[in-house]
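First the structure, in the form of structure tokens, and then the observations on it.
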Amino acid sequence: MQLVVCCTEAQQEELTRYGVVAQASVVWVFEKVDLLHYKTADAVVDLLYENNKVNNSLLRQLSGIKIINSVIDTLEETDPSFVRINGWTTFLSAPILEAACVHEDLKKLVEAVFATFHKTIEWLPDEPGFVVPRVVSMIINEAYFALEEGVSTRAEIDVAMKLGTAYPFGPFEWSEKIGVRNIATLLRKLSIQQPRYTPAPLLLQMADAI
């Protein structure tokens, strides 16, 4: 199987945290247009994915499985022939990756793709935010509410969460790694149906300032 991964160097480092199967044929590209050199590849993982006509049109020119990093937009909103994963920063390094797929016949193939990196797939419904990003986004949101209310400082909240819950990052650290705009966009989308996801005003202020 020829596998092509389009990503940043940081994403490559996360994805390969547990190594790569020795006999695997993996090509790394760091510019989206370079994917067109591998139109017949068996699978493409686009970790730089953006949901727009240009990106989707490019991917449709490829013959293999298209796996996209799309936490917020569903397959109905992108392309039902794609497979989407949670490829947000810090989550790619996990041994288990969340994913959604419309076509059952693609699942075994996708599992084989990520077995290349010693990772397993947790199949979830095709809904915005999967599970872990929703939870983490809510934790980050509550931290912004607490900061607004003067409960504590950013640094103290980060330290308290890491020491008290053994999380790898404090909520503000996590929001910077994931991207405040990503967090705000997901919460805005989820809050349309469930008001409990309403973003904190300070979070929105930070996201809109970027």
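The values are calculated or read from the model by the stated rules, or taken from the named source; none is laboratory data. From a predicted model like this one, the values you see are computed outputs, not experimental measurements. Neighbour counts are summed over all protein chains in view; Cβ atoms, including those assigned to glycine, are modelled from backbone coordinates with ideal geometry.
Summary of computed values
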item	result
Total residues in region 90-110, condition out of contact with any strand residue (DSSP E or B) (no Cβ under 9 Å at 6 or more places or on another chain) and either part of a helix (DSSP H, G or I) or surrounded by 18 or more Cβ atoms within 10 Å (Cβ to Cβ) (or both)	3
Every pair of residues 6+ apart whose Cβ atoms lie under 8 Å, when the first sits in region 88-102 and is charged (D, E, K, R) while the second is assigned to a loop (DSSP other than H, G, I, E, B)	GLU98/ASN86; GLU98/PHE91; GLU98/LEU124; GLU98/PHE130; GLU98/VAL131
Considering residues of region 156-197 that are part of a loop (DSSP other than H, G, I, E, B) and surrounded by 14 or more Cβ atoms within 10 Å (Cβ to Cβ) only, the residue modelled with the lowest pLDDT	TYR167
Tally, over region 114-155, of residues that are part of a loop (DSSP other than H, G, I, E, B), surrounded by 14 or more Cβ atoms within 10 Å (Cβ to Cβ), free of Cβ contacts under 8 Å to residues at least 40 places away in the same chain and not small (Gly, Ala, Ser)	1
Residues within region 198-210 that are in a helix (DSSP H, G or I) and surrounded by 14 or more Cβ atoms within 10 Å (Cβ to Cβ), tallied	6
Top-ranked residue in region 87-113 [being acidic (Asp, Glu) and over 15 Å from ARG134 (Cβ atoms); ranked as modelled with the highest pLDDT]	GLU111
Boolean, VAL29 is in contact with a Cys (Cβ under 7 Å, 6 or more places away or on another chain), surrounded by fewer than 19 Cβ atoms within 10 Å (Cβ to Cβ), farther than 21 Å from PRO133 by Cβ and assigned by TED's automatic domain parsing to the domain that holds ILE85	yes
Complete set of residues in region 21-50 that are among the β-branched types (Val, Ile, Thr) and either within 20 Å of the chain's Cα centre (by Cα) or closer than 14 Å to GLN2 by Cβ (or both)	VAL21, VAL26, VAL27, VAL29, THR40, VAL44, VAL45
